[in-house]
Amino acid sequence: MEGNYHKQCIHMKQSENGWGVYTKLSIKKGDLIERAIMYRVNNVDGHENCHLFTWSDDRTIWAGGTGLTPFYNHSEEPNIVKKGDLINDVLEIYAGRDISAGEELCGKYYSKKWRKCFQDF
């Protein structure tokens, strides 16, 4: 699925949802937007901290991510796809469709259904 790599064309700015990630250039479906290293954290409650990721199939491990990973907002119609490699602690973010310059990059929060911190979204 990896096409062009677009890490240099993304940036953060304020959005209606707080901080968000936006693209400066158009991105084609399937292109890699960002590759992040995930770091596992202990003694935290991911139900309270929305900037952490569920990082295990059994929902018992939480991780933070490098780069802009904590700032991709939720959408019911996402334009990005997140692919987590739980073994190697890597998260890759791809364009799920063609994305126009200036668009906010949003993913789907699958844990929105069960995490306390997402109940107001």
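The values are calculated or read from the model by the stated rules, or taken from the named source; none is laboratory data. The structure presented is a predicted model; accordingly, all values stated were derived computationally and were not measured. Note: ideal-geometry Cβ built from the backbone for every residue, glycine included; neighbour counts use all protein chains shown.
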When residues of the range 1-23 are limited to those that are assigned to a strand (DSSP E or B), out of contact with any helix residue (DSSP H, G or I) (no Cβ under 7 Å at 6 or more places or on another chain) and within 12 Å of L68 (Cβ to Cβ), the one modelled with the highest pLDDT: Y22
Taking the residues in the range 32-70 that are part of a loop (DSSP other than H, G, I, E, B) and crowded, with 18+ Cβ neighbours inside 10 Å as candidates, determine which candidate is farthest from the chain's Cα centre (by Cα). G46
Conditions: (1) under 16 Å from K13 (Cα atoms); (2) free of Cβ contacts under 8 Å to residues at least 12 places away in the same chain; (3) aliphatic (A, V, I, L, M). A101 meets all but one. Number of the miss? (2)
Tally of residues being aromatic (F, W, Y) and under 15 Å from N17 (Cα atoms) across the range 62-77: 2
